[in-house]
Structure formats: C-alpha cells, structure tokens
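Asks: Here it is: the structure, laid out below.
The values are calculated or read from the model by the stated rules, or taken from the named source; none is laboratory data. Note that the structure is a prediction, hence the values are computed from the model and not measured. Neighbour counts run over all protein chains shown; Cβ positions are idealised from the backbone, glycine included. To get the accessible areas, we keep the full protein, side chains included, count just its heavy atoms, and leave off ligands, DNA and RNA. Shrake-Rupley method; radii C 1.70, N 1.55, O 1.52, S 1.80 Å.
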Amino acid sequence: MTKNLYPVPQAVKDRALISNEDYLAMYQESVANPDSFWAEHGKRLDWIKPFTQVKNTCFEPNKVSIKWFEDGLLNASYNCIDRHLKDNANKTALIFEGDSPEVSYSVTYQQVHDNVAKIANGLKKLGVEKGDRVAVYMPMTLDAIYAMQACARIGAVHSVIFGGFSPNAIADRIVDSQAKVIITADEARRGGRTVPLKANVDEALARKDVTSITHCLVFKNTQADVDFDPAIDVWAHELTADLPAVCEPEAMNAEDPLFILYTSGSTGKPKGVMHTTGGYLTYASMTQEFIFDIHPDDIYWCAADVGWITGHSYIVYGPMANGCTQVIFEGVPTYPSSSRIGDVVDKHQVTVLYTAPTAIRALMAKGDEPYATNKRDTLRVMGSVGEPINPEAWNWYYENIGNSQCPIVDTWWQTETGGIMITPLPGATDLKPGSATRPFFGVQPALADADGNLLEGAIDGNLVILDSWPGQARTIYGDHERFEQTYFSTYANRYFTGDGARRDEDGYFWITGRVDDVLNVSGHRLGTAEIESALVAHESIAEAAVVGYPHDIKGQGIYVYVTPVEGIEADEELTKAVRNWVRKELSPIATPDLIHWTTGLPKTRSGKIMRRILRKIAANEHQALGDTSTLADPSVVDDLIENRLNR
Ligand code: 6R9
C-alpha cells in the first residue's frame with residue numbers, strides 16, 4: 001500500500017547536514033538576500049582570484065543576460081581534483097564497475113590528476129586552445145571523465161555527444177559547435193553488446209559539411225580493430241605516453257564557457273545549451289552535497305551516462321568538486337541480470353544511489369526476486385531524476401531497493417537549469433511519493449496560466465522560475481535570440497520551463513510533465529520535430545506527425561502517424577524499414593514504438609496539424625476528442641480512430 005506521507009526518520013535527521021529549520025531559514029535568506037547568500041556559498045570553491053561581484057542577471061525582453069561571480073577567476077578541473085590532493089591524494093575518487101560484473105577497479109584522486117593532466121597536455125599538443133570546442137563521444141569509462149576534466153583544465157569547451165547517437169546526430173552537433181577535435185573510443189560496451197563508436201565518428205566526419213575537425217583522438221576500450229586514418233586519427237595512449245603528468249590549470253573567468261550540451265526542444269534542431277564555470281560549479285557542488293547529504297565516507301553512485309546533463313552535474317562536476325568517492329557504471333541495470341543494481345550496491349558498499357524512474361519500472365516488471373539475493377543495507381539516501389516517478393514505482397523503489405529506510409529525493413531539473421531545482425532534502429523534507437516537493441535554495445518556482453497570470457494556492461499551471469540561480473544556462477551556443485525566444489518569451493521576465501506542475505495545499509510541487517512538443521522516453525528528452533524531420537527524410541514518407549502516449553516502462557512511448565508518398569503501399573516490410581531508418585538517422589532511443597500509416601492527418605483549414613487530436617487517439621482516449629469543428633476534413637479522424645494502434 002502506498003502511504004502518502006513519509007516523515008523524516010530520526011536516524012536520517014540525526015546525521016543530516018540540513019534540518020527542516022535550517023532549510024526554512026536558509027531558503028528565506030537565499031531569496032531575500034541572494035547576493036550575500038551566494039557570496040557566502042561561492043566560497044565553497046577555490047578561486048584563483050576571488051569574485052567581488054555576485055549576481056548580475058536580467059530576464060527582461062530583449063535584454064536577457066545572466067552573470068554570476070563575473071570578476072572571479074577559477075579553474076573547474078583544479079576544483080574537482082587538485083585541491084583534494086593536499087589531504088586526500090590517496091582517497092578513492094572513482095570506482096569503475098564494468099559492463100561485465102567481472103571488471104572493476106579503483107583510482108585515487110592523485111591518479112585522476114595524473115591521467116587528466118596527460119590528456120590535457122595531449123589536447124594542447126593537438127593544437128587545442130582556450131575557448132576551442134572539443135566534441136566528446138565516449139563510452140561510460142573513466143577515460144570519458146578524464147577527457148571532460150582535461151578540457152576544463154585547459155579552458156576548452158567540451159560538447160559531449162551521448163554514445164547512443166547516430167552519425168548524423170554527431171555531425172549536426174559538430175557543425176553547430178565547430179568543434180576542432182573529437183574524442184572517442186574504438187567501441188563502447190553496453191549490456192553485453194558493443195557500439196561502434198569510432199566507425200560512427202568516421203561516418204559523421206565523412207559528411208561534407210563537417211569541416212572543422214582537425215583531429216580525432218581515439219581511446220582503446222574493447223581493443224577492437226577499427227579503421228585508422230593517420231591524417232586525422234591519433235591514438236590517445238601513443239599521444240600521451242611521453243607527456244608529463246603535470247599541466248597547469250588555465251585561469252578561467254567565472255563566465256567563461258565550461259561546456260555545451262545539446263538538448264531537444266519543441267522546434268527545430270537540438271539546441272547547444274551553454275553553461276559557464278563559476279556559477280555552474282558552485283551550484284552543482286552545493287546541490288550534490290546537500291541533496292544527497294554527502295559525508296566524507298560516502299560511496300556515491302549516480303547511474304546516469306555522461307552524455308546527459310545528469311552525468312555532467314552529478315558525476316563529473318558536483319561529486320568531484322566535493323571530493324567524493326563514486327562508482328562509475330559502464331553497464332545497464334538489467335545486465336547480466338535484473339539484480340545488477342543491488343549486486344553493485346553490495347559489492348561497493350554504496351551509500352547513495354541516484355537513478356531514473358524508467359530503470360526502476362524496468363526492474364519492477366521483473367518482480368521482487370532479483371532483490372532477494374542482495375542486501376543493500378549500506379544505502380542511506382536514494383534519488384530519482386529525469387521524469388515524473390509514479391507512486392507505484394516510488395514505493396517499489398523505497399521498499400525493494402531501499403529496505404524502507406532510505407529517503408527518496410525526487411529531483412526535478414533540466415539541462416538548462418544546470419542543477420537540481422525542486423527536491424526534498426533528506427533530513428528536512430517529509431516525503432510524498434510522486435512529488436518533487438520544495439525548491440532548493442535560491443530557486444523561486446511559480447505557476448502561471450496561459451495568459452501569464454501567476455496563480456496562488458493549491459492549483460495546476462505552467463511552471464516558471466521568477467529569478468536567476470547560479471547554475472542557470474547562459475545562452476544557446478551561437479544563438480542568444482533563440483535562447484530568449486525559447487525560455488523568456490512565453491512569459492515576460494520569467495524563465496519558462498516547458499513543464500506543467502501542480503502545487504498542493506502544503507506548497508509541494510508535483511511535476512505533471514511537458515506542456516510542449518517534447519517527449520520524455522525512458523528519461524531521454526526528444527523533440528517531436530526532430531523525429532518528424534528524420535521520418536520525412538525517408539523516400540517513401542510524404543508527411544509525419546509524432547506524439548507521445550503513456551507507456552508502462554518508458555513513461556512515454558513514441559506514436560508515429562505517417563502518410564506514404566503517392567503510389568507507395570505501406571506494408572510490414574516498409575514499417576520495419578522506417579523503424580530502422582529512424583534508429584540510423586537519429587538514435588535507437590528515438591525508435592518509434594507504433595507506426596500508423598494513414599492517408600491523411602487532421603489539419604485545420606490553415607493547414608496546421610492538430611496534435612491535440614493525434615495525442616488523444618494515440619492515448620486511446622478518442623472518446624474525449626473535444627472540438628473538431630475547425631478541421632478541414634473531419635472524416636480523417638474517424639479513419640484514424642478506426643485504425644488506432646494503441647488499444
Ligand atoms: C535532469 C534532466 C528535463 C525534463 C524536465 C521534465 C523532466 C526531469 C524530473 C522530471 C518530473 C522529475 N524531469 N526530472 N519530471 N520529475 N524529478 O532530466 O534533464 O534531460 O534536460 O530533461 O525532464 O520534463 O523538463 P533533461
């Protein structure tokens with residue numbers, strides 16, 4: 001039975017960094033006096049030149065500008081590595097747990113330092129300079145983390161491309177960022193299979209418009225044979241073999257870019273969300289410490305991929321800035337069996353676990369047995385991220401993984417927010433399954449109606465944030481106008497999240513999901529426009545419309561409506577070909593679940609596709625279609641309902 005309130009257990013309270021009284025006082029201070037609050041917390045980092053200015057931000061139309069700590073100088077990699085060496089050089093930094101349970105080993109902060117310094121020197125030797133962009137297309141190995149830290153060390157801007165993306169998606173991101181070097185590996189391992197990373201990069205670089213790359217730096221991982229072009233390819237082990245394990249960190253301005261990360265929006269191509277150095281790192285490290293209640297002896301495990309923002313903030317930057325010991329997991333929760341997460345927790349004595357609802361639902365579907373074979377009694381705090389967690393999954397996570405003793409922090413945030421925004425704190429917040437609860441320090445969430453009025457009390461609305469916080473994205477790379485348009489034009493003077501939410505009578509927030517054309521499939525963010533443009537690039541497809549529908553494990557499934565070009569008869573073979581086409585063009589994570597061939601789509605007289613209707617039909621809720629009187633040809637709808645695929 002799902003209860004609806006879980007008060008903070010005494011044992012958690014006793015040990016916690018932040019009590020409820022602390023939370024209330026600190027929150028109040030953070031919004032009343034942001035300058036002095038963040039001046040104090042900015043000191044958690046080591047600054048080469050301390051900042052004297054704190055907040056300088058503006059959300060006004062056509063003047064959006066976000067700066068924090070703008071006259072300070074620091075280096076992110078120094079903060080994540082070097083400053084721990086004085087007292088903790090031999091502390092374990094990273095515990096690698098391979099895709100195969102047979103493979104695991106640890107490295108200390110000193111070893112991380114030496115590896116990062118060598119790669120940083122290697123990048124310099126390849127001509128990479130401060131401000132240059134470096135694409136990173138890597139497996140979930142320690143080399144991926146070293147590569148990102150090495151970029152930060154020399155002031156290069158990394159642009160990590162998730163290892164599940166296809167050559168076309170890689171090429172798009174390289175072209176947009178004009179990356180000089182791409183870092184990759186021979187192959188990745190995932191769930192007992194391999195992914196041909198280097199071959200994918202080769203294919204991406206072969207695209208005519210990809211002209212900015214001078215070198216491809218290749219790490220050996222599986223030792224597979226790969227094509228090697230000495231004109232551009234460089235083996236990492238050869239490049240770094242004779243280079244010193246010392247590399248002076250570059251002094252960066254707080255507002256110098258740290259990285260670009262592409263994410264999907266409701267229109268057009270993915271956007272290069274840009275984060276800078278000082279505010280981002282302050283926010284990533286502070287949120288990680290307080291939200292996971294981190295103590296020096298914790299063994300922390302965030303089971304995300306570095307290809308997503310969660311891997312950036314809660315693997316590469318936050319925990320390392322805090323000098324944590326953490327598990328880096330190459331594999332998937334269901335390989336070699338569904339007991340893997342619990343087995344890894346026991347093996348490495350994990351105390352803090354951060355994962356996604358989709359993983360929890362996949363395990364839940366396998367029943368409780370896999371979790372009868374491991375104990376998980378070292379766990380203290382568990383986190384959830386990426387999509388709304390339904391109360392059933394929350395409860396299963398709480399009872400079967402956490403032995404009913406670990407608070408669950410349901411953390412709501414986005415690529416654009418840089419760090420967690422709405423979340424419980426383990427020692428402070430009474431939990432309600434399914435609610436992300438209350439804002440973190442400095443975050444002012446509010447609900448707005450369609451006309452831009454702010455709503456009071458217990459109510460549903462569009463989630464906006466009223467003022468800036470240090471981890472906020474500064475711009476979209478190369479397109480500040482799109483940044484303003486996307487996030488600051490729906491509601492003047494407010495940041496619009498694209499999410500809907502409900503606030504209850506206790507002031508707790510419940511995120512209800514995206515209110516725009518962005519899908520959340522297994523925690524992966526996908527724009528319907530992106531999938532549609534991949535679909536219409538297929539020679540047999542004339543028109544396509546993509547919507548999400550409720551899916552038991554993935555959260556949302558991808559429902560595709562397609563009209564074939566004249567003279568083409570859609571059959572099973574073509575359906576299969578289209579499915580593979582999307583995998584290849586975009587990514588396996590964008591694979592359509594249901595492909596519905598139709599001769600027409602419901603359109604208004606002005607030719608706009610009425611997605612609202614398509615969503616209802618895909619959700620098998622066609623009884624409640626609402627007003628269809630503005631349709632050019634209402635008969636199209638009857639036909640779609642009759643042939644609907646999700647019944
Ligand atoms: C961190 C991350 C962002 C979108 C966001 C929202 C959804 C993330 C959530 C959640 C409900 C949570 N989302 N965390 N929804 N509860 N705890 O996932 O970033 O990939 O940019 O996705 O994910 O819809 O707008 P990103």
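Asks: In this structure, does Y561 turn out to be farther than 18 Å from S166 by Cβ, away from the ligand (no atom under 16 Å from the Cβ) and in contact with a strand residue (DSSP E or B) (Cβ under 7 Å, 6 or more places away or on another chain)? Break it down stepwise before answering.
Replies: Numbers: farther than 18 Å from S166 by Cβ: yes; away from the ligand (no atom under 16 Å from the Cβ): yes; in contact with a strand residue (DSSP E or B) (Cβ under 7 Å, 6 or more places away or on another chain): yes.
It is true that Y561 is farther than 18 Å from S166 by Cβ, away from the ligand (no atom under 16 Å from the Cβ) and in contact with a strand residue (DSSP E or B) (Cβ under 7 Å, 6 or more places away or on another chain).
Asks: For the range 397-421, give me each residue that is in contact with an Asp or Glu (Cβ under 9 Å, 6 or more places away or on another chain) and either at positive phi or near the ligand (Cβ under 8 Å from one of its atoms) (or both).
Replies: Hits for the range 397-421 are N403, W412, Q414.
Asks: Let me ask you something else. Out of G500, G471, which single residue is within 30 Å of L454 (Cβ to Cβ) and either of a type in the set (A, V, I, L, M, F, W, C) or touching a residue at least 60 places away in the same chain (Cβ under 8 Å) (or both)? Before the answer, list the steps.
Replies: Details: G500 fails: either of a type in the set (A, V, I, L, M, F, W, C) or touching a residue at least 60 places away in the same chain (Cβ under 8 Å) (or both).
Of G500, G471, the one residue that is within 30 Å of L454 (Cβ to Cβ) and either of a type in the set (A, V, I, L, M, F, W, C) or touching a residue at least 60 places away in the same chain (Cβ under 8 Å) (or both) is G471.
Asks: Collect the residues in the range 385-396 that are in contact with a Ser or Thr (Cβ under 9 Å, 6 or more places away or on another chain) and more than 9 Å from the ligand (Cβ to nearest atom), keeping them in residue-number order.
Replies: Going residue by residue through the range 385-396, those that are in contact with a Ser or Thr (Cβ under 9 Å, 6 or more places away or on another chain) are 385-388, 391-395.
Across the range 385-396, the qualifying residues are P391, E392, A393, W394, N395.
Asks: Please note which helices (runs of 4 or more DSSP H) are completely contained in the range 1-116 and include at least 1 residues that are of a type in the set (F, W, Y). Write out each step before concluding.
Replies: Numbers: elements: 10-15, 20-32, 34-41, 83-88.
Here the list reads 20-32, 34-41.
Asks: I'd like the full set of residues that are surrounded by 21 or more Cβ atoms within 10 Å (Cβ to Cβ), touching a Pro at 6+ places or on another chain (Cβ under 9 Å) and farther than 15 Å from G311 by Cβ, limited to the range 327-353.
Replies: Correct list: R340, I341, G342, V344.
Asks: What do you reckon, is A501 part of a loop (DSSP other than H, G, I, E, B), aliphatic (A, V, I, L, M) and either more than 13 Å from the ligand (Cβ to nearest atom) or buried (at least 22 other Cβ atoms within 10 Å of the Cβ) (or both)? Please lay out each step first, then the result.
Replies: Numbers: part of a loop (DSSP other than H, G, I, E, B): no; aliphatic (A, V, I, L, M): yes; either more than 13 Å from the ligand (Cβ to nearest atom) or buried (at least 22 other Cβ atoms within 10 Å of the Cβ) (or both): yes.
The answer is no for A501.
Asks: Here is a follow-up. Given the criteria open to solvent by 30 Å² or more (accessible area, probe 1.4 Å), among the β-branched types (V, I, T) and assigned by the TED database to the domain that holds G419, does T490 qualify?
Replies: On the way: open to solvent by 30 Å² or more (accessible area, probe 1.4 Å): yes; among the β-branched types (V, I, T): yes; assigned by the TED database to the domain that holds G419: yes.
Against the criterion (open to solvent by 30 Å² or more (accessible area, probe 1.4 Å), among the β-branched types (V, I, T) and assigned by the TED database to the domain that holds G419), T490 qualifies.
Asks: What residue, among those in the range 456-468 that are touching a residue at least 12 places away in the same chain (Cβ under 8 Å) and open to solvent by 20 Å² or more (accessible area, probe 1.4 Å), is nearest to Y6 (Cα to Cα)? Working first, answer last.
Replies: First pass over the range 456-468, keeping only residues touching a residue at least 12 places away in the same chain (Cβ under 8 Å): 457-468.
From what is left, the residues that are open to solvent by 20 Å² or more (accessible area, probe 1.4 Å) are 457-460, 462, 466-467.
On the way: G457: 23, A458: 20, I459: 22, D460: 23, N462: 27, L466: 29, D467: 31 Å.
Once the filter is applied, the top-ranked residue is A458.
Asks: How about the range 147-175: which of its residues are open to solvent by less than 10 Å² (accessible area, probe 1.4 Å), within 17 Å of V218 (Cβ to Cβ) and outside any strand (DSSP E or B)?
Replies: Result: A147, M148, A150, C151, I161, I170, I174.
Asks: Please enumerate the residues belonging to the range 234-257 that are more than 11 Å from T277 (Cβ to Cβ) and touching a Gly at 6+ places or on another chain (Cβ under 9 Å). Before the answer, list the steps.
Replies: Step one: filter the range 234-257 for residues more than 11 Å from T277 (Cβ to Cβ), giving 234-249.
Within the range 234-257, V234, A236, L239, T240, L243, P249 meet the criteria.
Asks: Which pairs have Cβ atoms under 6 Å, sit 6 or more apart or on different chains, and link a residue in the range 285-312 that is over 17 Å from A76 (Cα atoms) to one that is among the small types (G, A, S) and open to solvent by less than 10 Å² (accessible area, probe 1.4 Å)?
Replies: That search, which allows pairs on different chains as well, returns A304/G311; D305/G311.
Asks: Kindly indicate whether any position in the range 366-384 is in contact with a strand residue (DSSP E or B) (Cβ under 8 Å, 6 or more places away or on another chain) and near the ligand (Cβ under 10 Å from one of its atoms). Working first, answer last.
Replies: Residues of the range 366-384 that are in contact with a strand residue (DSSP E or B) (Cβ under 8 Å, 6 or more places away or on another chain), as a first pass: 378-384.
Remaining after also requiring near the ligand (Cβ under 10 Å from one of its atoms): 383-384.
Among the residues of the range 366-384, at least one is in contact with a strand residue (DSSP E or B) (Cβ under 8 Å, 6 or more places away or on another chain) and near the ligand (Cβ under 10 Å from one of its atoms), which makes the answer yes.
Asks: Inspect the range 461-472 for any residue being more than 20 Å from I420 (Cα to Cα), in contact with a Gly (Cβ under 7 Å, 6 or more places away or on another chain), of a type outside the set (K, R) and in a loop (DSSP other than H, G, I, E, B) and give the result as yes or no.
Replies: Within the range 461-472, not a single residue is more than 20 Å from I420 (Cα to Cα), in contact with a Gly (Cβ under 7 Å, 6 or more places away or on another chain), of a type outside the set (K, R) and in a loop (DSSP other than H, G, I, E, B).
Asks: Now for a separate question. Does P139 satisfy the criteria of being in the same structural domain as V234 (by the TED database) and crowded, with 24+ Cβ neighbours inside 10 Å? Quick ask: steps written out before the conclusion?
Replies: On the way: in the same structural domain as V234 (by the TED database): yes; crowded, with 24+ Cβ neighbours inside 10 Å: yes.
Yes: the conditions hold for P139.
Asks: Moving to a separate point now. Among the candidates D552, D571, which residue alone is within 29 Å of the chain's Cα centre (by Cα) and away from the ligand (no atom under 16 Å from the Cβ)?
Replies: D552
Asks: Considering the range 325-354 alone, what residues qualify as being without any contact (Cβ under 8 Å) to a residue 60 or more places away in the chain and either within 19 Å of T108 (Cβ to Cβ) or not acidic (D, E) (or both)? Quick ask: steps written out before the conclusion?
Replies: Start the filter on the range 325-354 by keeping residues that are without any contact (Cβ under 8 Å) to a residue 60 or more places away in the chain, which leaves 333, 337-339, 342, 345-346, 349-351, 353.
Across the range 325-354, the qualifying residues are P333, S337, S338, S339, G342, V345, Q349, V350, T351, L353.
Asks: How many of the residues making up the range 295-320 are of a type in the set (A, V, I, L, M), closer than 14 Å to T92 by Cα and open to solvent by less than 10 Å² (accessible area, probe 1.4 Å)?
Replies: Start the filter on the range 295-320 by keeping residues that are of a type in the set (A, V, I, L, M), which leaves 299, 303-304, 306, 309, 315-316, 320.
From the residues that got through so far, the ones that are closer than 14 Å to T92 by Cα too are 299, 320.
After this cut, where a residue has to be open to solvent by less than 10 Å² (accessible area, probe 1.4 Å) as well, the list is 320.
Selection size over the range 295-320: 1.
Asks: Assess whether D516 counts as being in a loop (DSSP other than H, G, I, E, B), within 15 Å of the ligand (Cβ to nearest atom) and open to solvent by 20 Å² or more (accessible area, probe 1.4 Å).
Replies: Details: in a loop (DSSP other than H, G, I, E, B): yes; within 15 Å of the ligand (Cβ to nearest atom): yes; open to solvent by 20 Å² or more (accessible area, probe 1.4 Å): yes.
Answer is yes for this residue.
Asks: Which of the residues belonging to the range 422-433 are more than 9 Å from the ligand (Cβ to nearest atom) and assigned to a loop (DSSP other than H, G, I, E, B)? Full working, then the answer.
Replies: The initial filter retains those residues of the range 422-433 that are more than 9 Å from the ligand (Cβ to nearest atom), namely 424-433.
Selection gives P424, L425, P426, G427, A428, T429, D430, K432, P433.
Asks: Moving to a separate point now. So which of N493, N462 ends up being more than 29 Å from V409 (Cα to Cα) and either touching a Phe, Trp or Tyr at 6+ places or on another chain (Cβ under 8 Å) or not hydrophobic (A, V, I, L, M, F, W, C) (or both)?
Replies: Details: N462 fails: more than 29 Å from V409 (Cα to Cα).
Checking each option against the conditions leaves just N493.
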